[in-house]
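The values are calculated or read from the model by the stated rules, or taken from the named source; none is laboratory data. Quantities reported herein were computed from a predicted structural model and do not represent experimental measurements. Here Cβ is always computed from backbone atoms with ideal geometry, including for glycine, and neighbour counts include all displayed protein chains. All accessible areas refer to the heavy atoms of the entire protein, side chains included, with ligands and DNA or RNA removed. Shrake-Rupley method; radii C 1.70, N 1.55, O 1.52, S 1.80 Å.
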Amino acid sequence: MEAFYWLLFGGLAAVVAALEMSKTNRDRAATSSAFNSFKNNYLLVYSLMMAGDWLQGPYVYYLYSQYGYGKGDIGRLFIAGFGSSMLFGTIVGSLADKQGRKRASVTYCITYILSCITKHSPQYKVLMLGRILGGIATSLLFSAFESWLVAEHNKRGFEPQWLSITFSKAIFLGNGLVAIIAGLFANLLTDNLGFGPVAPFDAAACFLAIGMAVILSTWTENYGDPSESKNLVTQFKVAASAISSDTKIALLGAIQSLFEGSMYTFVFLWTPALSPNDEDIPHGFIFATFMLSSMLGSSIASRLLSRAAPKVESYMQLVFAISAVTLLLPVITSFLVAPSTVKGGSISFGGCIQLFGFCTFEACVGIFWPSIMKMRSQYIPEEARSTIMNFFRIPLNIFVCVVLYNVNAFPMTVMFAMCSVFLFLASILQRRLMIVAESHRSKSEDWTSLKERDAEAEPLNI
């Protein structure tokens with residue numbers, strides 16, 4: 001079965017390389033040198049931030065287990081991280097809008113570095129503090145940087161469609177290539193060089209410190225609404241009012257929560273799904289294959305977003321539907337493929353089918369990130385961007401906490417089926433968003449035409 005892993009990885013690598021090398025002028029928008037400099041600076045910072053995040057991922061659970069903690073204690077640590085993101089994320093998001101997105105990005109670096117430092121202690125309370133700090137940092141990672149980028153892009157007068165280029169490249173590099181390299185580097189530090197499971201966290205802190213230095217020396221500050229008259233409560237009210245009064249924002253938040261909730265649940269389920277009888281599977285190699293699939297998705301997204309048609313609201317319906325089918329595969333294979341009763345060994349035939357489906361899901365994830373960023377840049381108002389983006393994460397974090405708490409209460413097939421239902425629902429809501437957006441767009445065009453006709457008629461009336 002080793003050949004199967006290499007064939008899958010090699011095939012994906014060949015497709016990604018072919019897509020990138022075959023891009024035509026139609027797929028590459030003509031941009032300015034000033035924009036390219038701005039984009040490259042952001043990509044450098046984003047890649048350093050993601051390197052700091054990806055270096056930690058493969059070894060968090062392992063480090064806790066090495067300190068002697070069991071599944072229940074480790075589960076509570078993970079719940080603390082998501083709970084912290086839910087409770088404090090909205091507050092730090094509002095502070096980012098009011099106090100500045102650059103300042104919030106620096107706060108992310110400092111908070112995550114402190115979280116990395118706590119990994120040196122085996123004390124449960126210290127580790128719990130680290131998870132709480134990590135949860136706060138995660139909220140900043142997924143709101144402050146994007147908010148800074150959108151505001152700065154618009155402030156510098158760049159073309160709106162060029163944002164899609166930065167989004168696609170950021171996902172391709174930060175969530176794809178950097179993730180693969182970080183995973184291999186963490187493995188090198190821990191296993192090959194023998195520095196132990198804390199080494200990746202120390203390396204992550206170094207990358208975060210370098211990124212913070214780049215931010216401090218090259219970024220300018222921008223705000224959502226810096227007015228002194230608006231406190232945190234007022235910021236919350238503005239964000240809540242925007243979500244409740246604009247159907248597009250509410251739909252976008254629901255779609256994001258449904259997809260990301262399913263995605264984070266998948267993170268906890270793919271290992272037992274591929275090795276239900278303790279099959280010997282190369283976790284690191286499979287993780288790298290998933291990240292390569294995500295790169296494939298972001299490469300596809302860059303082509304889609306560079307063209308006038310299809311609209312992002314249109315093609316994402318299909319992406320969510322395909323995602324739903326891929327996460328339904330474990331349920332289907334449990335009925336159609338006879339389960340193996342042999343302990344250990346290599347991956348089963350059913351596992352191979354599921355792995356192919358999981359790679360397809362990761363490709364959908366690669367399409368999702370730049371596409372949802374594009375829609376957020378279109379629909380979320382600038383004055384409360386970070387606050388609203390963290391509002392979206394509240395139902396997501398509740399969902400993941402509930403799943404983690406009850407992960408042993410339901411069969412794995414039920415969990416996958418639930419995720420599949422959520423993704424089908426996201427597809428339906430995406431269609432609704434497309435209809436609402438087109439309705440608003442046509443009304444706006446009609447109003448513009450009416451104003452132009454009135455302007456032409458005025459000289460005649462005089």
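Annotations for the structure displayed:
- Heavy atoms of Cys352 accessible to a 1.4 Å probe, total area in Å² rounded to 10: 20
- Electrostatic tally near Phe78: other residues with Cβ closer than 11 Å to its Cβ, Lys and Arg +1, Asp and Glu -1, net +2.
- Only lysines eight or more places from Lys374 in sequence, or on another chain, were considered; those with a Cα closer than 30 Å are Lys23, Lys39, Lys98, Lys102, Lys155, Lys169, Lys230, Lys237, Lys248, Lys311, Lys443, Lys451.
- Among the protein heavy atoms of the chain, carbon and sulfur supply 66% of the accessible surface, probe 1.4 Å, non-protein parts ignored.
- In region 318-384, trypsin sites (Lys or Arg not before Pro) in a DSSP loop with at most 11 other beta-carbon atoms within 10 Å: Lys343
- Neighbour cut-off at most 12 other Cβ (10 Å), DSSP loop, chymotrypsin sites (Phe, Trp or Tyr not before Pro), region 76-113: none
- Dividing the Cα radius of gyration of region 38-227 by 2.2 N^0.38 Å, with N the residue count, gives 1.06.
- Cα gyration tensor, region 307-367 - rounded (a/c under 1.5), prolate or oblate: prolate
- Relative contact order of the chain, taken over Cα pairs closer than 8 Å and 6 or more residues apart, is 26 percent.
- Shape call, the chain: gyration tensor on alpha carbons, a/c limit 1.5: prolate
- Percent of Cα-Cα distances greater than 23 Å, calculated over region 144-290: 61
- What you get for the chain, charging only the Cβ of Lys and Arg (+1) and of Asp and Glu (-1), is a dipole of about 300 debye around the Cα centre.
- Each 5 Å bin from zero holds the following percent of Cα-Cα pairs in region 230-447: 1, 7, 13, 16, 17, 15, 11, 8, 5, 3, 2, 1, 0, 0.
- Accessible surface, per residue, of the chain when the full set of protein chains is kept, probe 1.4 Å, Å²: 44
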